[in-house]
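Quick notes on the structure that follows.
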Amino acid sequence: MAETNGDLRHHIQSGLMRESLVDKQVMAATESPVVRMLPDVHVVKIGGRSVLDQGRVITYPVVDVLAKLLESQRLILGVGGGVRSRHVFSIGIDLGLPTGVLAQVSVADALGNAHILGTLLAPHGVVAIPPEIFGHLLPLFIHSAPGVIFNGVPPYSIWEHPPGIGRIPPHRTDAGCFILGECFGCKTVTLVKDVDGLYTEDPRENPNASFIDAIGARELKKRKLKSLPFDEVLPDLVTNARLVHQFQIVNGRDPDRIAAAVRGEHAGTIVYAD
């Protein structure tokens, strides 16, 4: 602590003491190496609608692959809300609820699916962690068990960012899983869907749509595709990330692709920072 230029107020000596935190040069000067807290851990987002809503025929093979992976890998499993979240959004939008409230109510459905997956993986020492303590105690959990499960909804709650179009919260479970992986410096981020990856159009509507094997995030935004199999904010997140420079979308109906993606293999569509 020190007095500066006769100012009787005490100041903490630091590089940002008298700087504006919105000054572009000051912001650029803050670039520095970032600590990877969990560099050997993999984030796998399990789609609620893509996997769990489909019942045991689709879910059990995915659980079997995850169980096998847990023998050699440490996994953070994020879970989406699926059909129930869409139903809640429909009701909320009809009632005129703001985006922040929609974001808050969607948490319950994703947490329900997290507990379902946690029950199925309980024999392997994996459980769903309550959102209130998950982030702060994650390193402890992941070093005490081979894997942990969380509802993938980022905790923006009523502070959710207003979307550019409509009122659906832009940061949903895909974004939440990527942000978590970026914060903790995880090794990979894999999104498990019900399609092989990214296409030029929705393949369910146009069977002749072309498959996109890999694409840069900026290039993806330039293309302005009508439909994406993941949250629209993800290209911006991967572009600005410091630790996680890509994510991969794989088809949960072919569960072996999940294992391949975790091993670092190209098993679907890779979106990377360009």
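Just one of the listed residues (Val63, Val22) is without any contact (Cβ under 8 Å) to a residue 60 or more places away in the chain and either among the small types (Gly, Ala, Ser) or assigned to a helix (DSSP H, G or I) (or both), namely Val63.
Of everything listed in (1) under 25 Å from Leu140 (Cα atoms); (2) under 20 Å from the mean Cα position of the chain (by Cα); (3) surrounded by fewer than 23 Cβ atoms within 10 Å (Cβ to Cβ), the single unmet condition for Asp53 is (1). Every test in (1) touching a residue at least 12 places away in the same chain (Cβ under 8 Å); (2) closer than 30 Å to Ala214 by Cβ is passed by Asp109 save one, and that test is (2). For Leu97, the conditions (1) over 19 Å from the mean Cα position of the chain (by Cα); (2) more than 16 Å from Asp231 (Cα to Cα); (3) part of a helix (DSSP H, G or I) are fulfilled apart from (3).
Remark: Val244 matches the filter, which requires a residue to be in contact with a helix residue (DSSP H, G or I) (Cβ under 7 Å, 6 or more places away or on another chain) and more than 12 Å from Val65 (Cβ to Cβ). In the set (1) buried (at least 18 other Cβ atoms within 10 Å of the Cβ); (2) touching a Phe, Trp or Tyr at 6+ places or on another chain (Cβ under 9 Å), Cys186 fails one condition alone, (2).
Comparison of Asp196, Asp174, Asp213, Asp256 shows that the only residue that is touching a residue at least 24 places away in the same chain (Cβ under 8 Å), buried (at least 23 other Cβ atoms within 10 Å of the Cβ) and charged (D, E, K, R) is Asp174.
Each reported figure results from applying straightforward, stated rules to the coordinates on display, with no laboratory input. In this text, all values refer to a predicted model and were calculated from it rather than measured experimentally. Positions of Cβ are generated from backbone atoms using ideal geometry, with glycine treated the same way; all protein chains shown enter the neighbour counts.
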